[in-house]
Amino acid sequence: MSLETRLETVTQEFQKIQKDLSNAIEARQRLDSQLQENEIVQKEFNLLKDDANIYKLIGPVLVKQEKTEAVSNVAKRLEYIRSEIKRVEAQLQDYTQKSESKKTEVIKIQTEYQTKLQQQKQTVVTPNK
Amino acid sequence: MSTTTKTASSQPTVELTDLDLQQLAEIKKQLEEELSHLTNSFAQLKQAQNKFQACIVSVDAVKSGNADAEKVIVDVGTGYYVEKSTDDAIKFFTDKVEYVKKNLESLQQTITTKQNNLRATLDVMQMKISLGSAAAGASAPK
């Protein structure tokens, strides 16, 4: 494979990883706001009396829900969100590592390529600079 | 420089003046991106605060107006609604406004720090450019 094609392939691979990485960052941020929102709801539930009237919006309808059910529902959501965060964190670490090593590869080939160009320039002596 | 630039004391310190123009440009770009994101968030938070403030006004209107309504249903988030007395509802929204206000304050601080960092970066860039385009040209690869 020529140096040019290699450079192109590796750059594309690098860009792909960068995209994965930014997707993972977005997912992580989304999860974080979901976590916060649910934590706030949980806190609010904790302040309520046991016989408080709680409704859940299901489609266009407000459906009355027992406090215990609402509380366990939110707890379940929180559990799920936290496990998702762990998963995405691992992904983030993986992509960051991959991105770093790919970057090094790109730089290496780029340097090689530039050296090659330099050598070509020196062998073909152009009269006007 | 007269401005008190306390450039992120917690991070491993790299002097801005030690970096070359290309690196500085990268830092500048990153800071600008962060700043635009943060100012966006600030505007959104401000909006949220206004919304909660409007809720207080609404509940207050219900409380002092129609005597029929002693209770209101409040959206507490993630699809849940809770029935509250008007007084409790007002307290709920007042707490929200307070909560958002605290966030706004800390966000404002972050924004100010970033702005200072950006200014410092720009200053160093300017200095480097004026200090010798000849010397910079020799070391810059492109």
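Which is within 12 Å of chain B (Cβ to nearest Cβ) and either farther than 30 Å from residue B:81 by Cβ or of a type in the set (Lys, Arg) (or both), of A:64, A:19?
Values: A:19 fails: within 12 Å of chain B (Cβ to nearest Cβ).
Only one candidate qualifies: A:64.
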Can you pull out the residues in the stretch A:31-52 that are at the interface with chain B (Cβ under 10 Å from one of its Cβ atoms), part of a helix (DSSP H, G or I) and among the aliphatic types (A, V, I, L, M)? A:40, A:41, A:47
If you check every pair at least six apart or on different chains, which have Cβ atoms under 9 Å apart with a residue in the stretch B:71-88 that is within 8 Å of chain A (Cβ to nearest Cβ) first and a residue that is of a type outside the set (Asp, Glu) and in a loop (DSSP other than H, G, I, E, B) second? B:73/A:53; B:81/A:53; B:82/A:48; B:82/A:52; B:82/A:53; B:83/A:52; B:83/A:53
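Conditions (1) out of contact with any helix residue (DSSP H, G or I) (no Cβ under 7 Å at 6 or more places or on another chain); (2) at pLDDT below 95; (3) assigned to a helix (DSSP H, G or I), marked per residue:
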| site | (1), (2), (3) |
| --- | --- |
| B:34 | no, no, yes |
| B:39 | no, no, yes |
| B:44 | yes, no, yes |
| B:53 | no, no, yes |
| B:67 | yes, yes, no |
| B:90 | no, no, yes |
| B:94 | no, no, yes |
| B:117 | no, no, yes |
| B:125 | no, yes, yes |
Looking at the stretch A:67-74, is at least one residue of a type in the set (Asp, Glu), out of contact with any helix residue (DSSP H, G or I) (no Cβ under 7 Å at 6 or more places or on another chain), touching a residue at least 40 places away in the same chain (Cβ under 8 Å) and within 14 Å of another protein chain (Cβ to nearest Cβ)? no
Being of a type outside the set (Gly, Ala, Ser), under 25 Å from residue A:7 (Cα atoms) and in contact (Cβ under 8 Å) with a residue 60 or more places away in the chain narrows it down to one residue among A:116, A:108; which is it? A:116
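The values are calculated or read from the model by the stated rules, or taken from the named source; none is laboratory data. Only a predicted model underlies this, so the values are computations on that prediction, with no experimental measurement involved. Note that we place each Cβ from the backbone using ideal geometry, even for glycine, and neighbour counts take in every protein chain shown.
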